[in-house]
Amino acid sequence: QKEVEQNSGPLSVPEGAIASLNCTYSDRGSQSFFWYRQYSGKSPELIMFIYSNGDKEDGRFTAQLNKASQYVSLLIRDSQPSDSATYLCAVKEGAQKLVFGQGTRLTINP
Amino acid sequence: GAVVSQHPSWVICKSGTSVKIECRSLDFQATTMFWYRQFPKQSLMLMATSNEGSKATYEQGVEKDKFLINHASLTLSTLTVTSAHPEDSSFYICSRKNTDTQYFGPGTRLTVL
């Protein structure tokens, strides 16, 4: 079983600041990486995916991938209280499975 | 809008009874769907991959005779928890494969008394 590691937090960030979430993975051959957001009591929703080294931006969200370091991160700019949630990093294993990290609980303080 | 639905959204049952959870793909025919389980403050753990018209593929440690999966049509997969016990109480979530990622249903919270 491939491993995906995240700091469980909680991570507390003031409103308007940048939240930085990190994830490492064990399989050097992994090619596809995903960030999901999960509100308490709800199911995960896809925020971003990234396949290539470097940065990928979508609105206030930026995913960063460094395959040499086996590291993927998610930056949230201008953090809002509505961003408070658990963020799950997922790595594709094989043809279709996703392996999830344990999630980082993020709290944005007004 | 939602692309995957689940029913029921929550269920409470007595120990020893069986519970069926439905997962529907609303916008796309899905030959493959996935069933996950999530305990409080833990991450999603894949239980099985549901394959339309064939047997499900179960992950290591998941009892196939206890968690029965049926994927009889291209839009519907069902998970039946047989002889449920309190330790089966969890949040069950299905998902549909979409190109390289997965879209999740809203989940079913099962409480076994």
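Could you tell me whether region B:85-98 includes any residue that is away from every other protein chain (no Cβ under 14 Å) and closer than 13 Å to residue B:3 by Cα? No. If only residues of region B:20-37 that are assigned to a strand (DSSP E or B) and over 11 Å from the mean Cα position of the chain (by Cα) are counted, the one that is nearest to residue B:67 (Cα to Cα) is B:32. Among the residues of region A:32-49, the ones that are part of a strand (DSSP E or B), charged (D, E, K, R) and within 8 Å of chain B (Cβ to nearest Cβ) come to 1 in all.
In this structure, residue A:87 does not qualify as surrounded by fewer than 15 Cβ atoms within 10 Å (Cβ to Cβ), of a type in the set (Ser, Thr, Tyr) and within 14 Å of chain B (Cβ to nearest Cβ).
Taken over region A:58-83, the criterion of being under 13 Å from the mean Cα position of the chain (by Cα) and free of Cβ contacts under 8 Å to residues at least 40 places away in the same chain is satisfied by A:61, A:62, A:63, A:64, A:65.
Any residue that is assigned to a loop (DSSP other than H, G, I, E, B) and within 21 Å of residue B:45 (Cα to Cα) - is there at least one of those in region A:75-82?
Of region A:75-82, the ones assigned to a loop (DSSP other than H, G, I, E, B) are A:77-80.
So of that shortlist, the ones also within 21 Å of residue B:45 (Cα to Cα) come out as none.
The answer is no; no qualifying residue exists.
Between A:12, A:8, the distinction of being at pLDDT 95 or above and surrounded by fewer than 18 Cβ atoms within 10 Å (Cβ to Cβ) belongs to A:12 only. Taking (1) in a strand (DSSP E or B); (2) more than 10 Å from chain B (Cβ to nearest Cβ) in turn, residue A:52 satisfies each apart from (1). Among the residues of region A:2-47, those identified as without any contact (Cβ under 8 Å) to a residue 60 or more places away in the chain and β-branched (Val, Ile, Thr) are A:24, A:47.
The values are calculated or read from the model by the stated rules, or taken from the named source; none is laboratory data. Nothing here was measured: the structure is a model prediction, and the numbers come from that model. Methodologically, a virtual Cβ is constructed for each residue, glycine included, from the backbone with ideal geometry; neighbour enumeration extends over all protein chains shown.
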